[in-house]
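The values are calculated or read from the model by the stated rules, or taken from the named source; none is laboratory data. Just so it is clear, the model here is predicted, and its values are computed rather than measured. Neighbour counts are summed over all protein chains in view; Cβ atoms, including those assigned to glycine, are modelled from backbone coordinates with ideal geometry. With ligands, DNA and RNA removed, areas are computed over all heavy atoms of the protein, side chains included. Shrake-Rupley method; radii C 1.70, N 1.55, O 1.52, S 1.80 Å.
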Amino acid sequence: MSNGLLAQITDSLVAGDPDATVAGTRQAVAAGLEPLTIIENGLVPGMRIVGDKYASGEYFLPNLIVSASGMKQAMAVLEPELKARRQHRKSAGTVVIGTVRGDIHEIGKSLVATMLAANGFEVHDLGVDVPVDGFVARVREAGANLVGLSALLTTTMRGQKDVIDALEKAGLRGQVKVMVGGAPVTKKWADDIGADGWAQDAVAAVDLASRLVARV
Ligand code: B1M
């Protein structure tokens, strides 16, 4: 039953039917499925298939846009559910997060932000296409001890290093850990640019954030 619901959600995203994605998500919540299970086993696989179809030339940009809208609407249903399960942890810190300059991919970044908030972090989500100075200014204002930089394009990954350099220049690098992620980002890239950590997905990001903040 639950596998059928999750497959239905995946299929609706691939078919580009946001209403069905939202309806399926609501049904899955009502059936008692954990929000994280719905995200990881229903929504994320759907977006992955859409991405593969786009890469192979079967789908075009409008397909990406419609499916992304379905995912966004489904996330709006799940966010309150995730927050309702929020666990307050003493060690949680203050995070400034955003997608770097030139990059408008928001779904993965928002998922990481939601998961961090759901796990007791104070999250300042700057959105997408965030200029380097935007990160630096908010870190200073919020007294953040962690910055999360998302990049989905090979052409925008470099922006992660630009933020790290700017934090250094502003004299803030000592007070803040930097976590990077996004589909093309690897641990090697994180090491090369002097980030403090890399996470492959939103669950790993929460774990990494907790460890990094404990070290500030
Ligand atoms: Co774009 N896009 N896109 N796109 N898009 C990709 C990334 C691409 C891989 C598709 C492909 O060719 N197969 C490709 C990039 C190729 C490359 O650079 N190597 C691509 C391209 C080329 C483009 C455009 C250039 C297309 C064009 O205009 N010709 C354009 C660029 C626009 C820009 O940013 N300037 C573009 C536009 C778009 C849309 C606007 C249509 C839409 C985004 C809508 C939105 O976000 N509101 C879109 C989408 C939806 C995708 C794919 C299909 C899906 C991305 C997604 O949301 N995945 C994507 C294909 C793919 O990734 N397979 C693709 C679901 C999400 C949950 O996963 O974002 O990976 P993800 O996040 C994960 C992890 O990466 C990680 O945790 C998340 C949760 O598990 N993570 C972090 C992410 N950030 C993290 C930060 C962390 C830690 C972990 O710490 C801070």
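Of all chymotrypsin sites (Phe, Trp or Tyr not before Pro) in the stretch 1-108, which ones are in loop regions per DSSP and have a Cβ with at most 12 other Cβ atoms within 10 Å? Answer by residue number: PHE60. Using only side-chain charges placed at the Cβ, +1 for Lys and Arg and -1 for Asp and Glu, the dipole size of the chain relative to its Cα centre rounds to 680 debye. Its alpha carbons considered, the chain gives a radius of gyration followed by a Dmax of 17.4, 55 Å.
Near the amide H of TYR59, within less than 5 Å, lie the amide hydrogens of TYR54, all on another chain or at least 5 residues away, with H placed in the peptide plane. Distances between placed amide hydrogens fall under 5 Å for GLU34 paired with no residue 5 or more residues away or on another chain.
Carbon-plus-sulfur fraction of the accessible area of the stretch 1-94, 1.4 Å probe, in percent? All intermediate terms of the calculation are to be shown ahead of the outcome.
Values: 2810 of 5180 Å².
Taking all protein chains in place, the stretch 1-94 shows 54 percent carbon and sulfur surface.
From the alpha carbon centroid of the stretch 201-215 to that of the stretch 43-86 is 24 Å.
So what's the net charge close to LEU212: Lys and Arg +1, Asp and Glu -1, counting the other residues with Cβ under 11 Å from its Cβ?
Values: positive: LYS177, ARG211, ARG215; negative: ASP196, ASP207.
Cβ neighbours under 11 Å give a net charge of +1.
Could you size up the charge dipole of the stretch 128-207 around its Cα centre, putting +1 on the beta carbon of Lys and Arg and -1 on that of Asp and Glu, and report it in debye to the nearest 20?
Values: 9 positive and 11 negative charges, 22 e Å.
Rounded to the nearest 20 debye, it is 100 debye.
Express the relative contact order of the chain as a whole percentage, based on alpha carbon pairs under 8 Å and six or more residues apart in sequence.
After rounding, I find 16 percent.
Annotation: extensible slack from ALA30 through LYS83 equals 17.4 nm (criterion: 0.36 nm per residue apart, minus Cα-Cα distance). In sequence order, the stretch 24-30 has phi-based couplings of x, 5, 4, 4, 5, 4, 4 Hz under the Karplus curve 6.51 cos²θ - 1.76 cosθ + 1.60, θ = phi - 60°, and Gly or Pro positions carry x.
Across the stretch 52-63, computed HN-Hα scalar couplings (Karplus, 6.51 cos²θ - 1.76 cosθ + 1.60, θ = phi - 60°) run 5, 5, 5, 5, 8, x, 6, 10, 10, 3, x, 4 Hz from first to last residue, x flagging Gly and Pro. Loop-resident GluC sites (Glu not before Pro) (DSSP state other than H, G, I, E or B) in the stretch 1-88 with no more than 16 further Cβ atoms inside 10 Å of their Cβ: GLU58.
Here the Karplus relation 6.51 cos²θ - 1.76 cosθ + 1.60, evaluated at θ = phi - 60°, turns the backbone of the stretch 13-21 into coupling constants of 5, 5, 6, x, 10, x, 4, 5, 5 Hz, with x for every Gly and Pro. A 1.4 Å probe run over the protein chains yields, for the stretch 160-216, 48 Å² of accessible area per residue, whole-number rounding. Here the gap between ALA142 and TYR54, fully extended at 0.36 nm per residue and compared with their Cα-Cα distance, gives a gain of 27.8 nm. Subtracting the Cα-Cα distance of ASP17 and GLN73 from their residue separation scaled by 0.36 nm leaves 19.0 nm.
Entry note, the chain: the mean residue ellipticity at 222 nm calculated from DSSP H runs of n ≥ 4, each adding -39500 (n - 2.57), is -18000 deg cm²/dmol after division by the residues and rounding to the nearest 500.
Database remark: amide H of VAL128 closer than 5 angstrom to the amide H of THR99 (H placed geometrically; neighbours at sequence offset of 5 or more, or on other chains; Pro and chain starts carry no H).
Of HIS124, HIS105, which has the most accessible area and how do the rest follow, probe 1.4 Å? Kindly include the intermediate steps, with their values, before the conclusion.
Numbers: HIS124 40, HIS105 80 Å².
Ranked list, largest accessible area first: HIS105, HIS124.
For the stretch 25-111, calculate the relative contact order in percent as a whole number, restricting contacts to Cα pairs under 8 Å that are 6 or more residues apart.
Values: 32 pairs, mean separation 23.8, N = 87.
Averaging sequence separation for qualifying contacts and normalising by length gives 27 percent for the stretch 25-111.
Across the cross-link table entries LYS53/LYS187; LYS72/LYS177; LYS161/LYS187; LYS83/LYS161, which are compared at the Cα atoms, the separations over 20 Å belong to LYS53/LYS187; LYS72/LYS177; LYS83/LYS161. The simple spin-label model puts a point 7 Å past each Cα toward its Cβ; for GLU40 and ARG215 those points are separated by 2.3 nm.
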